[in-house]
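All remarks here apply to the structure that follows.
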Amino acid sequence: MKEPLVFAYYCSGHGYGHATRVSAFARHLLNLDSRMTIHIVSSAPKHVFNDSISLGVLYRFAEIDPVIVQPVAYRVDRHRSVEALRSFLARKESLLEQERQWLFDIQADCVLSDAAFLGCLAANVTGLPSILISNFTFDSVYSFLSTKFVDQVDGPLGDELSIDNHTPDYPISGEELKPLVQQLYYGYRCADLLVRLPGCIPIPSFSTSPLLPAPRWTNQGSNTLLDEIVTHLVQKPTTHVLHSSIPFANSHPKKPFARSIIQAPLLVRGISKGLDTVYSPIGRSRLLSSLGVPEHLHNPDETKILIVSFGGQVFQRPTSSRGSSTGRSSPGCKTPPAELREITDSPRTSKIPPCSDALGKMDTPCCCYGASPVIKPEPSPTSCELLTKTESCFKARSYLGTLVPSASDIMLDHVVEDFDTQLLPDSSWIAIVCGVSKWGQNGTDEKPPDRFFVAPEYVYMPDLTAVADVLLGKLGYGTVSECVDSCTPFVYVARPLFVEEHGLKLLLAREGVGMELPRVAYEAGDWASAVKEAWSLGRNAKAEMRRKARLGVDMNKRDEEGALLAGQVTDWVRAWHDSIAV
C-alpha cells in the first residue's frame, strides 16, 4: 500500500478525557512514524490538542457528535440531552455527506474514532476501515437516560440545585429512546476494530452481550453494576462473541477481516519532559512559582497540595472569612482493608473477581497497584452554604472557548459562610484551583483566601496532577487516568446518570486511590475529611512514585506501551489494505 499512512482521527467534543487520550495516541503514532499524516476532527477547541499539534498533527473543527447537557459538571439533564440528540440526528445525513467528501479529499487510509459514531459511519460509506478507540460509546450513555434511578439532590441545597432550579430529574421512556439510540449503535457497528481502553463499560456494538438498554447492566435502585457485568468486564476481550461486520456501502470491496478487539494500555498524557521535571525540586519549584505559590510552600515534606479541578469557576470570598482556609472537618467512614477488592457504592457493592486481566491491567504492575479501593465517606454536618449555577456541555459554537469548561460555559458561585474550617484538613495544606477566570462575582476580582491559588487557564494538567498530593474533581477519564499515572489520590464527585463512571470506578479500585465525596458535602464546601482520608490511603504510593521519578525509574513505561499499541494499529491498517490489493 502507499506510504506514509493518512489517518482521520474523530474526537468527541464532550469532555476532557477524549481530547487528552486522542492527543496522547496521536503522539504515539507520530513518534512511530513522523511521516504519517494525522487529522484530528473535533468540536473541542484546538488548544487542547496543542501537545500533538506541536508534532505535526492537523486540526479541523467540525460538529461530529451530539451533546450531553450537564447543568452542573456532575449532573445530566436527561430531557435537554435527548432534545440535543434529536437535533443532531436530524442533520446526520448532511453531516455524513460532508465527512464522506472530506475523507475522499484527504485520501485517508483509515478512520480512528473516540468515540464519535459519525466517524465510523463516514468511514463505512467511504470504503475505509475504522477503528473505535474508547472505553465507552454514546449509544450506552443515551440509553442509560431511561434508568429508573433518579438523581435526587439531597440535603438543604436541593431546592437551589434542581435542574434549571425547578425541573426534577425523571427517566426518559425506553421506547422514546430506542429509535434514537439505534442510529448511534448502527454507526458503531460499522467499526471494524475496537481498541478497548481501561476503565471500560460494555461496548454493545461489538460484543453480543450484554445488550442494550444500558439500565439492564445496573441495579437501578442503588445504581451499581450487576456482578455479571463486572465479570464480563474483567474477562479477556478475546473471549467475547462479537457481532459480524457491517459491509461497506455501495460498490466498495468486501471487508477482508472479521471484527476484533485489542485491549489497550492506559492512554494518558505524560508530564513535561526535560532536564528538570516536576518531580525534581527545581522543576517543582518552577511550576509552583509560576502559579504564585511562595517559595516557603514548595517543600513537599512540609506542604501538601490539593488540586481542585471542576472546570471554570467563579469563587466569592466570604465576608466572614478569618483569613485562613484551613481547619478540621468531621472524619469520614472507616477505611476497608486493602485486600478487600470491592467498589463501595451505597447501598450495595460489586466485588471484582480475581483476574490477572482485570480492566486492562498490564503485566507490569501500576505504580499504585495494591492501593486501597474506592470508598464513599458519609457527609459530615455542615454549617456553610455553596450555591452552584452551571451550564456545561463541551459542544456547539457557543462553547468554542475551551474544553475544560471556562467561565463562558460553567460558573460556580461559591458563597461559603465558614470557609475556614471545612475545605482543607489543616494549615499544612494549600489548594490550587483550576479553571477560575476570577475570584469574585459581578465583575469584581477579589484576592483568593489565604493558601488558595489560581492556576492559569491553559495550565498543563499532567504536571499539576503530578505535584498534587490529592486531586478533587468530577469522575471522568482524563482526570482518572492522570491520577492513576501519577499515583495521585482522587477525591471525586460522581455523575450518577453518566454510565461511563461505573467503569472508571472499577479502574480506580484496581489501580489507584479513589474516594467519593457526596455531592452535598462538595457543594457545602465540606471537603477536609475526604481529602485527609484519601491522602492517608495514597501517601505511600505517592511517595514511592516521586522517589522513582526523581531517579528516572519507569518514566518511559507509558511511552513504551503507547508505541506498542501504535505499532499494532498501523500493522492492522497496512494488512487491511494489502489484503484488499491482492
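Structure summary
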{"quantity": "Candidate residues ARG259, ARG27: accessible-area rank, largest first, probe 1.4 Å", "calculated": "ARG27, ARG259"}
{"quantity": "Added length on full extension, which subtracts the Cα-Cα distance from 0.36 nm per residue, VAL553 to ASP301", "calculated": "88.6 nm"}
{"quantity": "Nitroxide proxy distance, nm - points 7 Å out along Cα→Cβ at GLU97 and LYS254", "calculated": "3.2 nm"}
{"quantity": "Heavy-atom accessible area per residue - segment 30-149, 1.4 Å, Å²", "calculated": "30 Å²"}
{"quantity": "Separation of alpha-carbon centers, segment 66-91 and segment 27-57, rounded to whole Å", "calculated": "28 Å"}
{"quantity": "Pairwise Cα inverse-distance average, inverted: Kirkwood Rh of segment 443-582 (Å)", "calculated": "17.7 Å"}
{"quantity": "Share of pairwise Cα separations in segment 455-536, more than 16 Å, in percent", "calculated": "49 percent"}
{"quantity": "Label point distance in nm, GLU544-THR208, each placed 7 Å from Cα along Cα→Cβ", "calculated": "4.3 nm"}
{"quantity": "Cα Rg, Dmax (largest Cα-Cα span) when computed across segment 164-207, Å", "calculated": "15.0, 44"}
{"quantity": "Environment charge of ARG259, counting only residues whose C-beta is closer than 15 Å and scoring Lys/Arg +1, Asp/Glu -1", "calculated": "+3"}
{"quantity": "For peptides 169-181, 523-535, sequence by mean Cβ density within 10 Å, most packed first", "calculated": "523-535, 169-181"}
{"quantity": "Gain on full stretching of the segment that runs from THR239 to SER222 - 0.36 nm per residue minus C-alpha separation", "calculated": "3.2 nm"}
{"quantity": "Total formal charge among the other residues, if their Cβ is under 12 angstrom from that of PRO281, Lys/Arg +1 and Asp/Glu -1", "calculated": "+1"}
{"quantity": "Kirkwood hydrodynamic radius over Cα pairs of segment 182-322, then Stokes diffusion coefficient at 37 °C and 0.692 mPa s, in µm²/s", "calculated": "159 µm²/s"}
{"quantity": "Approximate spin-label separation ASP276-ALA575, in nm, with each point projected 7 Å along Cα-to-Cβ", "calculated": "4.8 nm"}
{"quantity": "Flagged links, alpha-carbon separation over 31 Å, of LYS178/LYS505; LYS46/LYS178; LYS304/LYS474; LYS447/LYS557", "calculated": "LYS46/LYS178; LYS447/LYS557"}
{"quantity": "Stokes-Einstein translational diffusion, segment 1-65 - Kirkwood Rh over all Cα pairs, 1.567 mPa s, 4 °C, in µm²/s", "calculated": "110 µm²/s"}
{"quantity": "Residue-count net charge about VAL293 - beta-carbon cut-off 13 Å; Lys, Arg +1, Asp, Glu -1", "calculated": "+1"}
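The values are calculated or read from the model by the stated rules, or taken from the named source; none is laboratory data. Remember, it's a predicted structure, so these values are computed and weren't measured experimentally. Here the Cβ is made from the backbone with ideal geometry for all residues, glycine too, and neighbour counts use every protein chain on show. What goes into the accessible areas is simple: the full protein's heavy atoms, side chains included, and nothing from ligands, DNA or RNA. Shrake-Rupley method; radii C 1.70, N 1.55, O 1.52, S 1.80 Å.
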